[in-house]
Each structure stands twice: as C-alpha cells, then as structure tokens.
1. Which of (1) out of contact with any Pro (no Cβ under 7 Å at 6 or more places or on another chain); (2) open to solvent by less than 10 Å² (accessible area, probe 1.4 Å) does residue 273 not meet, given it meets every other one?
2. Within region 63-89, how many residues are away from the ligand (no atom under 15 Å from the Cβ) and within 20 Å of the chain's Cα centre (by Cα)?
3. Within the set of pairs 6 or more residues apart or between chains, which connect a residue that is surrounded by fewer than 24 Cβ atoms within 10 Å (Cβ to Cβ) inside region 291-312 to a residue that is part of a strand (DSSP E or B) and of a type in the set (D, E, K, R) with Cβ atoms less than 7 Å apart?
4. If you take the residues in region 164-206 that are within 16 Å of the ligand (Cβ to nearest atom) and open to solvent by 40 Å² or more (accessible area, probe 1.4 Å), which one is nearest to residue 45 (Cα to Cα)?
5. Only residues that are out of contact with any strand residue (DSSP E or B) (no Cβ under 6 Å at 6 or more places or on another chain), assigned to a helix (DSSP H, G or I) and either of a type outside the set (A, V, I, L, M, F, W, C) or on the phi > 0 side of the Ramachandran plot (or both): list them for region 290-319, please.
6. Run residue 322 past the list (1) of a type in the set (Ser, Thr, Tyr); (2) without any contact (Cβ under 8 Å) to a residue 60 or more places away in the chain; (3) part of a strand (DSSP E or B) and report the number of the one that doesn't hold.
7. Return the total of residues in region 246-269 being open to solvent by less than 10 Å² (accessible area, probe 1.4 Å), of a type outside the set (Gly, Ala, Ser) and outside any loop (DSSP other than H, G, I, E, B).
8. Does region 345-352 include one or more residues that are hydrophobic (A, V, I, L, M, F, W, C) and buried (at least 23 other Cβ atoms within 10 Å of the Cβ)?
Amino acid sequence: MNVNRRHLLTGSIGAAAVALVASACASEDGDSGSGGGKKVGIAMPTKTSERWILDGDNLKAAFEDKGYEVSLQYANDVAADQVSQIETMVGQGVNVLVIAAIDNKSLSGALAQAKEADIKVIAYDRLILDTPDVDYYTSFDNTKVGTLQGTYIAEKLGLDAGEAGPFNIELFAGALTDNNARYFFDGAMAVLQPYIDGGQLVVLSGQTDLEQVATENWDGAVAQDRMETILTSFYTAGQQVDAVLAPFDGISRGIIAALDGAGYTTMPIVTGQDAEVDSVKYIIAGTQSMTVYKDTRLLAEVTVDMAVDILEGKDPEINDDTTYDNGDHVVPAYLLEPVSVDATNYQAELIDSGYITEDQLQ
Ligand code: GAL
C-alpha cells in the first residue's frame, strides 16, 4: 500500500488525489496499533507560523493513531530551548526523534546523546548540518520551491517571452540558520540571475547576496522593516517596485504591509510559500501573487511511515540519496513535490484537496 502511494507521489496526478490516497492509507493503518509502548519525540520550531502547528498536529495524530506515545515540543524559535527539549526527550527514553531544527548547526551535542542512547533521528523539513548523528531526512524538493517562485516572476513579467523591462525587483530570503533558505534562494536565483545580468531586472537596493537578503527567524516584522528601509532609501524618485522574491508567506505579508504603508494601491508581484490561510486570502484579494503549497499532511505521512519502519527494524523507503549532504554525510531523504498556487488554481489545489476549507477563507 505504501509503495503504491509513493509511486503516486512522484507521478503526475494532482495533489488532491494524492491527499485522498494518503488519508485512506492513514485510516486503514489506524487500528493496527503497532507502536505499543514505544515513544516518539517531536521537536518543532515555533507556533508563530501556522504551518508548524499543522505539522506538529498531523505528526502527533498519525503516530498516536498507530499506537505510539508522543512528546510534541515547540521552542518559540529559541535554538537553545530546542536543544534542551531534545535532551529532555532523550532522557525520557524516546525511541525515535523527529526534528525540525531552529538552528541547523546547534544540535550536534544533543544528537550525540541521542546516538549514545541508540535513538534514530529524522530531520523533518529542515536538514540538520555538521553531525554524523542524523539518520534520515524528509522534506520537499527545496530547490524546486525556489524555481517555482523565480519562474512565476519571470512569467508574469513576460521576461521569458522577451519583455525588455527594465523591471525593479527586490529579493528576500529566509533565516541563515535554516539550511532550506539557501536552497530556496539558489533555486529562484538560477531563474532570475540571467535577467538581472541582462538588465531586464534591476535590484535598486543592490542587495543580492544571501547574507544581505536573509530574514532572521523568517520573521515577517523583520522583513517589513527591511522593505520599508529599501523603499525610503532607494525608491525616492518615483520608481516603483515591480516584483518581490519572498520565500515564505509570513515574510510576504510583512513586505506587503511595507508596500501598503508606502501607498501602493496595486501590489507588485509578491511570491510566497506554505499556503498559509492569511496569504491565500491575500491571493484571492490580489494582494499576494502566489504561494508554494507543500502538503504537510503528506510530509507527516511519509515521516511517520519512515519512523515506523525504523522502529520495526526495516529499511525505510527513500527516493533521494545524493542531494542533501549535511557536511558530514549525504543524508538519505524522502522528498515530496511542491506546487505553485495562485488565484487560478487555489480552489483545485487547496480547497478541493481539503487542505484549507472555504470557512477558513471567510
Ligand atoms: C522553512 C520551511 C518553509 C517555511 C519556513 C518558515 O524551513 O521549509 O516551508 O515554513 O521554514 O517557517
């Protein structure tokens, strides 16, 4: 059954159908209760963003459904607190750890303790770096997330069709402590850089390096501040921003707030990621242009299957063993496909698949 589902994941059918298959699997597995007596420790980064709440809830429910005991911890984006939480879970004798890291380089000590206690570690969504003690990785194709964002901008401005512009673009990336930030940015810049080099896109701020455009803690307020500063420093002679590369919906909404405060009545193209409800409302209203939808229900399913295989002494299924080198070793991964969503397909991708309800959008 799992094998069939996984074929579907990489196949060509839509997310809606995949989600239906996944939920059917979940309920069939539901009463097997194979996990009796075993404990799972889940470390999530923060409750300030909707996606991590969904991730934690989905994981917890799926593990409990299979009979596992679950400790689910959030660390409010404070890396040291997440380290303590993991150490505590190791001390409590969990059998497997699922970790979405806050700071990808802060966990070596805690994971060494896990290894010592024979606890396997799955890096969830965000790869953990510079440690031998991370065993598996479940995530989405993170480069493709950036490619979808960059391609959206190129297509909407008509760059790919030869529009000369020049168009003004500003660039934002995620937190430097998150390995994903570089993959998203590099994926987007692989599309956008040739247009910058060719003069069709202009970055008036001149800020194009990842270090310059990163956003601490992925915080929308930090992004809003930076966008306000850019507008008041570089857009002083009537220039307009035509597009903003934004890596995550929380950051997109901060940028939109800055543009709104500066008097923009028509928004430039603004990208995003995670299909957060507030951003989907913006997409419907025409304020945010797109988001990259990553079905966290599927990520939870894949992760739970992987953990169960590990706990039952089986080799978990992976579909990538080349992409994610954590500085110590290539971490075997199971990667899912992200989907570009805008006003034209949100209904099919998000509503019809049950990821978001109509009610949530009221
Ligand atoms: C990343 C994740 C994104 C987004 C971001 C901010 O690691 O892959 O989907 O959620 O963190 O939370």
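1. For residue 273, the failing item is (1).
2. Here the count works out to 2.
3. 310/120
4. 177
5. Within region 290-319, 296, 297, 301, 305, 309 qualify.
6. Going through (1) of a type in the set (Ser, Thr, Tyr); (2) without any contact (Cβ under 8 Å) to a residue 60 or more places away in the chain; (3) part of a strand (DSSP E or B) one by one, residue 322 breaks only (3).
7. Residues that pass the stated criteria total 5.
8. At the first step, the residues of region 345-352 found to be hydrophobic (A, V, I, L, M, F, W, C) are 348, 350-351.
Filter again for buried (at least 23 other Cβ atoms within 10 Å of the Cβ), leaving 350.
Scanning region 345-352, I find at least one residue that is hydrophobic (A, V, I, L, M, F, W, C) and buried (at least 23 other Cβ atoms within 10 Å of the Cβ), so the answer is yes.
The values are calculated or read from the model by the stated rules, or taken from the named source; none is laboratory data. Note that the coordinates shown come from a computational prediction; the quantities given were computed from them, not determined experimentally. No Cβ is skipped: glycine too gets one built from the backbone with ideal geometry, and neighbour counts run over all protein chains shown. Areas reflect the complete protein model, heavy atoms only, side chains present, ligands, DNA and RNA absent. Shrake-Rupley method; radii C 1.70, N 1.55, O 1.52, S 1.80 Å.
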